[in-house]
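Let me begin by presenting the structure, written as C-alpha cells, before commenting on it.
The values are calculated or read from the model by the stated rules, or taken from the named source; none is laboratory data. If you're wondering where the values come from, they're calculated on a predicted model, not measured in any experiment. Please note: Cβ atoms are built from the backbone with ideal geometry, for glycine as well, and neighbour counts cover all protein chains shown.
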Amino acid sequence: MESSGLLERPDGERVAWMKVAGEGPTVVWLGGFMSDMTGTKAQALADWAIANRRAYVRFDYFGHGASTGDFAAGTISRWRRDALAVIAELTEGELVLVGSSMGGWIACLAAMVVPERIAGMVLVAPAPDFTEKLMTPEIPPEGHAALAADGVWLRPSEYGDPYPISRGLLEDGARWSILGGEPIPLTMPIRILQGGEDPDVPWRHALELAQGLKGTDVVFSLIKDGDHRLSRPQDIARLIAAVEEVSGCNS
C-alpha cells in the first residue's frame with residue numbers, strides 16, 4: 001500500500017511525495033531534470049517495494065510533477081534542499097539513494113550531508129555538474145543572447161516542447177560542482193548504470209564520476225545499447241538487482 005501527501009516548505013511551496021511502508025533501508029528515488037515521480041523507473045521501484053514489503057519514498061522537486069513552484073525558478077540548491085527535507089521528514093534509519101540523471105547529482109550532494117545514514121547508492125545515467133559541463137557548452141549564440149537579455153532561454157527538447165533554462169540555474173549549478181577536484185567524499189557501496197548510446201549524458205561523463213568517488217566499492221556497468229532513460233524491461237531488472245545488492249537483502 002502506498003500513501004501520498006504534500007510536504008510543506010518554509011516558503012509556502014509544497015513537495016509532493018508517495019511512500020511505501022516496509023522493511024530494510026528506505027529506498028529514496030531522486031528523479032531527473034524535468035521528470036516526475038510517476039515515471040517508469042520510479043513506478044517500477046514502487047511496485048517492487050510493495051511486492052517485497054520494502055520501505056520506499058519518491059517525490060517531485062520544486063516545479064516538477066505534482067509539487068508546486070515555477071520550474072523556471074528552480075535551481076540545484078533548491079532541489080537539493082527538497083531532497084534533504086524529504087530525507088529528514090519522511091525517512092528514518094538507513095537509506096539507499098537511487099538517482100536518475102540529475103537525480104544522480106542530487107543524490108551525491110544529499111549523501112555528502114548525511115553519509116552516516118546512506119547504506120548504498122544506485123545511480124542511473126548520473127549527470128553531476130550537468131549545468132556547467134553538459135548544458136552550457138551546447139547553448140547556441142541565440143541562447144546566450146536570450147540569457148543575457150531575459151535571463152531565460154527556451155531550449156528545444158527531443159522529448160516534447162521547449163523548456164526554460166534560466167541564468168540562475170546555470171550560475172547556481174556551478175556552486176555545486178563535484179567533478180575534477182578533490183575526491184568526492186562518498187565511501188558507501190555505489191552502483192552506476194550507464195547507457196552506451198545515451199545522447200544526453202555521455203558514458204565518459206558518468207565514468208568520470210565513478211573514478212572521482214573516494215570509496216572503492218564502486219561498480220560501473222555500461223549497457224552498450226542502452227539509451228538515457230534505461231527503462232526497458234532488462235534495464236529495470238538491472239536497476240532492481242542493484243538496489244537489492246546495495247540494500248544487503250535478496251528478493
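Matching residues to (1) over 14 Å from V201 (Cα atoms); (2) buried (at least 19 other Cβ atoms within 10 Å of the Cβ); (3) not polar (S, T, N, Q):
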{"residue": "G93", "(1), (2), (3)": "yes, no, yes"}
{"residue": "I106", "(1), (2), (3)": "yes, yes, yes"}
{"residue": "L123", "(1), (2), (3)": "no, yes, yes"}
{"residue": "A127", "(1), (2), (3)": "no, yes, yes"}
{"residue": "W153", "(1), (2), (3)": "yes, yes, yes"}
{"residue": "Y163", "(1), (2), (3)": "yes, no, yes"}
{"residue": "S166", "(1), (2), (3)": "yes, yes, no"}
{"residue": "D172", "(1), (2), (3)": "yes, no, yes"}
{"residue": "P183", "(1), (2), (3)": "yes, no, yes"}
query: Can you spot a residue in the stretch 37-45 that is touching a strand residue (DSSP E or B) at 6+ places or on another chain (Cβ under 9 Å), over 29 Å from T131 (Cα atoms) and hydrophobic (A, V, I, L, M, F, W, C)?
result: no
inquiry  = Residues that are under 23 Å from D235 (Cβ atoms) and among the hydroxyl-bearing types (S, T, Y): does the stretch 84-99 have at least one?
reply    = no
Expected single match for among the aliphatic types (A, V, I, L, M) and touching a residue at least 60 places away in the same chain (Cβ under 8 Å) among V27, V57 is V27
By my count, strands (runs of 3 or more DSSP E) wholly in the stretch 143-251 with at least 1 residues that are touching a residue at least 40 places away in the same chain (Cβ under 8 Å) are 152-157, 160-166, 190-195
Only one of (1) without any contact (Cβ under 8 Å) to a residue 40 or more places away in the chain; (2) closer than 20 Å to S35 by Cβ does not apply to P137, and that is (2)
With the structure loaded, tell me whether L97 is over 24 Å from Y163 (Cβ atoms), out of contact with any Phe, Trp or Tyr (no Cβ under 8 Å at 6 or more places or on another chain) and in a strand (DSSP E or B) or whether it fails that test. yes
P25: passes all of (1) on the phi > 0 side of the Ramachandran plot; (2) buried (at least 17 other Cβ atoms within 10 Å of the Cβ) but (1)
Looking across the stretch 67-84 at residues that are more than 15 Å from the chain's Cα centre (by Cα), of a type outside the set (V, I, T) and over 20 Å from A46 (Cβ atoms), the single one that is surrounded by the most Cβ atoms within 10 Å (Cβ to Cβ) is G69
Note on the stretch 59-92: residues β-branched (V, I, T) and in a loop (DSSP other than H, G, I, E, B) are T68, T75, T91
With the first residue restricted to the stretch 70-89 and required to be closer than 20 Å to V57 by Cβ, and the second required to be modelled with pLDDT under 95 and not in a helix (DSSP H, G or I), Cβ contacts under 9 Å at 6 or more apart or on different chains are R81/R9; D82/R9; A85/R9
Of the candidates A127, A149, A174, A145, the one satisfying the condition of being farther than 30 Å from G22 by Cβ, among the small types (G, A, S) and touching a Phe, Trp or Tyr at 6+ places or on another chain (Cβ under 9 Å) is A145
Scanning the stretch 16-48 residue by residue, the ones that are touching a helix residue (DSSP H, G or I) at 6+ places or on another chain (Cβ under 8 Å), within 24 Å of D161 (Cα to Cα) and aliphatic (A, V, I, L, M) total 2
Q) When you look at S101, is it at positive phi and either among the acidic types (D, E) or out of contact with any helix residue (DSSP H, G or I) (no Cβ under 6 Å at 6 or more places or on another chain) (or both), yes or no? A) yes
